[in-house]
Amino acid sequence: MLGRVRGWDLRGDKIHKHFRFRDFRTAMAFVNAMAEVAEAEGHHPDFEVHGWNNVGVTLWTHAIGGLSENDFILAAKIDALLEGR
């Protein structure tokens, strides 16, 4: 399913993507929007904000200790937050 989500990399039993934004405010708006989607899905990514405009997101299913279809669904929904950006 990795081929269905652009820009996500396989890192062991997890998928990861790096996002870069034009400024800190936009990066934080993305994090907040991502948190809303994740909460609605009941599936919560690990993420880090580093520098002033970089966000890294890592997905995997804690309960099974690896990847599930839900990880790829959430990855696609996270990507959709940036469509038309």
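A short reminder: the numbers here are calculations on the coordinates, not readings from a lab. Computed from a prediction, not measured in an experiment: that's the story for all the values here. So basically every Cβ, Gly included, is an ideal-geometry build from the backbone, and we count neighbours across all protein chains shown.
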- request: Taking the dipole about the Cα centre of the chain, with the C-beta of Lys and Arg at +1 and of Asp and Glu at -1, give me whichever of Leu2, Ala40, Leu82 is farthest to the positive side.
  value: Leu82
field: Inter-label distance, nm, simple model (7 Å from Cα along the C-beta direction), Asn32/Asp79
entry: 2.6 nm
message: For the stretch 2-80, what does the convex hull of the Cα positions come to per residue, in cubic angstrom?
response: 82 Å³
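Give, in nm to one decimal, the length gained when the segment between Arg4 and Thr61 is fully stretched (0.36 nm per residue of separation minus the Cα-Cα distance).
Taking 0.36 nm per residue and subtracting the Cα distance, the gain is 18.7 nm.
For the chain, give the magnitude of the charge dipole about the Cα centre (Cβ charges: +1 Lys/Arg, -1 Asp/Glu; no others), in debye to the nearest 20.
Approximately 360 debye in magnitude.
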